[in-house]
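**Student:** The structure follows.
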Amino acid sequence: MHEYHNNILLGDCIELLDKIDQPFVDMVFADPPFNVGFRYDKYHDKLEKNNYLAWTRDWMTACLRVLKPHGSFYVAIADDYAAHIRIIGEELGLSVRNWIIWHYTFGQQTTQKFAKSHTHILYFVRDVKNFVFNDLAVRIPSDRQLYYNDARAISIGKIASDTWDCYSRVCGSFKERQGWHPCQMPELLLARAVAVSSNPGEMVLDPFSGSGTTAAAALQLGRNYCGFDISEDYVINSRKRLADLKTQIETNSTAPLNQLESFELKRLFVEMGIHAQTILDTPLFLEAFIKQFHIRMNNGKTYDRSAIQKALKELTTWVAR
Ligand SMILES: C[S@@+](CC[C@H](N)C(=O)[O-])C[C@H]1O[C@@H](n2cnc3c(N)ncnc32)[C@H](O)[C@@H]1O
C-alpha cells in the first residue's frame, strides 16, 4: 500500500488495483486510450468494440472499488465512446454532475469534414449528497464585473462553465510538452479538476498516467497522487518529471509568491483568457484579478499588490505554445 503513495507504478491498472482491498482515493481522473488506433509504446489502441467496452467496465469497476464514498470520478473520452462511458458509469452507481466539453481550440485538419476540436470529460460522483466541490477554486470574474459594471454581479465571481475552452492541446512546440508521450494533457486542465474535486492532502488516482500530468497537477496543488502505466518508458520518464517538479517547488519557495500561489495565479490568468498586459493596463481588470486571486487562495492572507503585478508581468511573455 505504501508504494502507491505519491508514486507512478508500472503495470496494468486493473491488476494493480486488485491488490488493494480498501478505498484509499478521494478522486479519480482517467484518460484511457480512446480505441482510435493511437500509437502508444506498449498498448495496442484498436480493440474490437465489445472487448473495449468490457474492458472499460472492468477498469471503471476496479477504480470504483478504491474510491471513497464521497469521491469524484472524471473520465476523458472521445466522441465514439462518450455515451457508453456515461451509461457504464451510471450502471456502476455513479451520477453525472457535468458532461464537460474540452474545446481545445484547434483541431486536426481534414478535407471532407469539420476539424475535430473537442474531447468529452464525464464528471461523476458516487454520492450526489456528499461530494467535494470547491467552488471558490473555479470561479472567474464575470462579464457583469469586467465589462458592464452591473450591480447584479455576484461579487465572488461566476463558476466556470462546462465548456472548457481556455486550455490548448499540448502541441509539439510547447514548453510544457514532455516529448516522450504522444498525447499529454495540459497541466492546468487537470489542475482545475483536482482543485475543485479534492482538498489539500487528499489522494488523486490516475489509472492511465501516461506522461504523469494528473500527478504533476496534484503535486503542485498539495494533493497526494497515485498513477499507473503499462509502459516502463512512460513510468521512468514521468517519475523524472515529478522529481524535477519537486525540486522546482523547493527552490521556488523564496520568491514573493510561493509555488502554490504562482501556480494558482497562472491558473486564474489562463482561465480568465485575457492577455496579462491588458489586465495590467486596465484598472477594472486588474482590481478584478487581484480580488479573484484572493478568493481563489481563500486563506485569509492579504497579498501584496506589487507581488501580483510582478507575477502578471512575468506572464506577459508566457504562452502555452
Ligand atoms: C491517453 S494516455 C494518458 C495520457 C495522460 N493523461 C497524460 O496527460 O499524459 C493513456 C495511457 O494509458 C496507458 N495504458 C494503456 N493500457 C493500460 C493499462 N491497462 N493499465 C495502465 N496503463 C495503461 C498507455 O500506455 C498510455 O500512456
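The values are calculated or read from the model by the stated rules, or taken from the named source; none is laboratory data. Quick caveat: nothing in here was measured; it's all calculated off a predicted structure. FYI the Cβ positions are ideal-geometry reconstructions off the backbone, even for glycines, and counts take in every protein chain you see.
**Student:** Looking at this structure, is Gly222 within 16 Å of the chain's Cα centre (by Cα) and part of a strand (DSSP E or B)? Spell out the reasoning first.
**Tutor:** On the way: within 16 Å of the chain's Cα centre (by Cα): yes; part of a strand (DSSP E or B): no.
So Gly222 fails the test.
**Student:** Looking at (1) part of a helix (DSSP H, G or I); (2) closer than 15 Å to Pro207 by Cα; (3) touching a Lys or Arg at 6+ places or on another chain (Cβ under 7 Å), which is the only condition Ile88 fails?
**Tutor:** (2)
**Student:** Another question about this same structure. Which one of these does Asn50 not meet: (1) farther than 26 Å from Gln184 by Cβ; (2) in a loop (DSSP other than H, G, I, E, B)?
**Tutor:** (2)
**Student:** Does Arg152 satisfy being in a loop (DSSP other than H, G, I, E, B), charged (D, E, K, R), out of contact with any Leu (no Cβ under 9 Å at 6 or more places or on another chain) and closer than 30 Å to Gly300 by Cα?
**Tutor:** yes
**Student:** Determine the pairs where a residue that is assigned by TED's automatic domain parsing to the domain that holds Ser197 and within 12 Å of the ligand (Cβ to nearest atom), located within the stretch 22-34, has a partner that is aromatic (Phe, Trp, Tyr) and part of a loop (DSSP other than H, G, I, E, B) with Cβ atoms under 9 Å apart, the partner being 6 or more residues away or on another chain.
**Tutor:** Listed by first residue and then by second, the contacts come to Ala30/Phe208; Asp31/Phe208; Pro32/Phe208; Pro33/Tyr40; Pro33/Tyr43; Pro33/Phe208.
**Student:** Follow-up. From the list Ala76, Ala62, which residue is part of a helix (DSSP H, G or I), in contact (Cβ under 8 Å) with a residue 40 or more places away in the chain and either surrounded by fewer than 16 Cβ atoms within 10 Å (Cβ to Cβ) or under 22 Å from the mean Cα position of the chain (by Cα) (or both)?
**Tutor:** Being part of a helix (DSSP H, G or I), in contact (Cβ under 8 Å) with a residue 40 or more places away in the chain and either surrounded by fewer than 16 Cβ atoms within 10 Å (Cβ to Cβ) or under 22 Å from the mean Cα position of the chain (by Cα) (or both) holds for just one of Ala76, Ala62, which is Ala62.
**Student:** Just to check your reading of the model, which residue among Leu10, Leu16 is over 19 Å from Pro182 (Cβ atoms), assigned by TED's automatic domain parsing to the domain that holds Asp162, within 12 Å of the ligand (Cβ to nearest atom) and more than 20 Å from the chain's Cα centre (by Cα)?
**Tutor:** When all the criteria are applied, what remains is Leu16.
**Student:** Right, another one. Considering only the stretch 29-36, I want to know if a residue exists there that is surrounded by 16 or more Cβ atoms within 10 Å (Cβ to Cβ) and over 22 Å from the mean Cα position of the chain (by Cα). If you could, list the steps in order and put the result at the bottom.
**Tutor:** Step one: list which residues in the stretch 29-36 are surrounded by 16 or more Cβ atoms within 10 Å (Cβ to Cβ), which gives 29-35.
So of that shortlist, the ones also over 22 Å from the mean Cα position of the chain (by Cα) come out as none.
No, the stretch 29-36 contains no residue that is surrounded by 16 or more Cβ atoms within 10 Å (Cβ to Cβ) and over 22 Å from the mean Cα position of the chain (by Cα).
**Student:** Select from the stretch 185-201 the residues that are buried (at least 21 other Cβ atoms within 10 Å of the Cβ) and assigned to a loop (DSSP other than H, G, I, E, B) and write down the one among them that is farthest from the ligand (Cβ to nearest atom).
**Tutor:** Filtering the stretch 185-201 for residues that are buried (at least 21 other Cβ atoms within 10 Å of the Cβ) and assigned to a loop (DSSP other than H, G, I, E, B), the one farthest from the ligand (Cβ to nearest atom) comes out as Ser198.
**Student:** If the requirement is being modelled with pLDDT under 95 and over 17 Å from the mean Cα position of the chain (by Cα), which of these qualifies: Tyr43, Tyr104, Tyr81?
**Tutor:** None of the other options fit; the residue is Tyr43.
Okay, residues lined up against (1) touching a strand residue (DSSP E or B) at 6+ places or on another chain (Cβ under 9 Å); (2) free of Cβ contacts under 8 Å to residues at least 12 places away in the same chain; (3) in a helix (DSSP H, G or I); (4) surrounded by fewer than 20 Cβ atoms within 10 Å (Cβ to Cβ):
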| residue | (1), (2), (3), (4) |
| --- | --- |
| Glu250 | no, yes, yes, yes |
| Leu265 | no, no, yes, no |
| Gln277 | no, no, yes, yes |
| Leu280 | no, no, yes, yes |
| Leu284 | no, no, yes, yes |
| Ile295 | yes, no, yes, yes |
| Lys301 | no, yes, no, yes |
| Ala307 | no, no, yes, yes |
| Thr317 | no, yes, no, yes |
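**Student:** Take the stretch 20-49 and flag every residue that is touching a Leu at 6+ places or on another chain (Cβ under 8 Å) and aromatic (Phe, Trp, Tyr).
**Tutor:** Scanning the stretch 20-49 gives a single hit, Phe29.
**Student:** Only residues that are near the ligand (Cβ under 6 Å from one of its atoms) and either on the phi < 0 side of the Ramachandran plot or touching a Lys or Arg at 6+ places or on another chain (Cβ under 7 Å) (or both): list them for the stretch 210-231, please.
**Tutor:** Result: Ser211, Thr213, Phe228, Asp229, Ile230, Ser231.
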